[in-house]
1. For E188, work out the one condition from (1) within 16 Å of the ligand (Cβ to nearest atom); (2) crowded, with 17+ Cβ neighbours inside 10 Å it doesn't fulfil.
2. Residue by residue through region 199-251, note down the ones that are closer than 23 Å to S162 by Cβ, in contact with a Lys or Arg (Cβ under 6 Å, 6 or more places away or on another chain) and open to solvent by 80 Å² or more (accessible area, probe 1.4 Å).
3. Residues that are touching a residue at least 60 places away in the same chain (Cβ under 8 Å) and closer than 20 Å to L57 by Cβ: find the strands (runs of 3 or more DSSP E) completely inside region 71-157 holding 3 or more of those.
4. Quick one: would you say V36 is over 24 Å from E135 (Cα atoms), away from the ligand (no atom under 12 Å from the Cβ) and outside any helix (DSSP H, G or I)?
5. Consider region 97-145. How many of its residues are basic (K, R), open to solvent by 50 Å² or more (accessible area, probe 1.4 Å) and more than 20 Å from G87 (Cα to Cα)?
Amino acid sequence: MKIVLIGGTGLIGSKTAARLRNKGHEVLAASPNTGVNTITGEGLAEALAGAEVVVDLANSPSWEDKAVLEFFETSGRNLLAAEGKAGVKHHVALSIVGTERLPENGYFRAKLAQEKLIKASPIPYTIVHSTQFFEFLKGIADEATVGTVARLSPASFQPIASDDVADVMAEVALGKPLNGTIEIAGPERGRMHEIVARYLKAANDPRTVEADVHARYFGSELDDRSLVPGEGARIGKIGFEDWFRQSQQPK
Ligand SMILES: NC(=O)c1ccc[n+]([C@@H]2O[C@H](COP(=O)([O-])OP(=O)(O)OC[C@H]3O[C@@H](n4cnc5c(N)ncnc54)[C@H](OP(=O)(O)O)[C@@H]3O)[C@@H](O)[C@H]2O)c1
């Protein structure tokens, strides 16, 4: 079956592409670098010709509030319109646990707008809500750092390895559309400031971490429900220690 991965050259995209190719599917990894652009429309119709499934794993080059909203709205509209013309039977998208709960977070607002477009389109869909990737822990620390101190919320946090995310994206791409949303998270739940501190220590990063219940996560204060999934979420296999060890291996 032909499967188009939008953002198929990115972190999750490249890992999902490898899994689907291993199962013998025809995978097109679509991105501006491979001549397919969901913002300009370049190469989109050609890429989607004959595709049964599209998995949207694209990310916005800018996370500034207005730019990221414009990216996910424009990309979503162009992609769904092109899928309609091409007769695509299943649209799969990767979004974030809690998009509906953090309206002050501009990135979450943009992902929610993307989800609304998917739900309003006639194309059968499955949305996967993931928690934060372990690969994103440094980005979280960087955004929260002033000088040598990262001030972070002690809210519940359950990050996941990108390999576990890619396993689920490949499985969902080969399954039936749910016309609904599933949640995925890592195997260990802890406090955000402690997990980020654990990462910084493992990475020999000299920054220190302070817990602050009012510290904002990309614009939003958090509580213990904000970023973690509800009951019934799929749980990944790879914990922090194993992920960190693997991430240190030469590529
Ligand atoms: N980070 C997290 O913790 C987290 C948690 C939950 C969900 N997510 C979601 O996971 C998804 C994938 O994230 P990621 O970290 O794998 O992304 P990534 O590594 O930054 O890759 C982004 C991909 O999007 C492509 N892209 C950018 N602009 C495009 C355009 N105009 N048209 C088509 N493709 C375009 C890039 O292609 P080029 O390389 O050619 O530019 C690249 O292949 C995102 O939608 C994100 O919201 C992230």
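1. (2)
2. Residues satisfying the conditions do not exist here.
3. Fully inside region 71-157 and qualifying: 90-96.
4. Against the criterion (over 24 Å from E135 (Cα atoms), away from the ligand (no atom under 12 Å from the Cβ) and outside any helix (DSSP H, G or I)), V36 does not qualify.
5. Within region 97-145, residues that are basic (K, R), open to solvent by 50 Å² or more (accessible area, probe 1.4 Å) and more than 20 Å from G87 (Cα to Cα) number 4.
The values are calculated or read from the model by the stated rules, or taken from the named source; none is laboratory data. Quick caveat: nothing in here was measured; it's all calculated off a predicted structure. Note that each Cβ is placed from the backbone with ideal geometry, even for glycine, and that neighbours are counted across all protein chains shown. Surface areas here come from the heavy atoms of the whole protein model, side chains and all, with no ligands, DNA or RNA. Shrake-Rupley method; radii C 1.70, N 1.55, O 1.52, S 1.80 Å.
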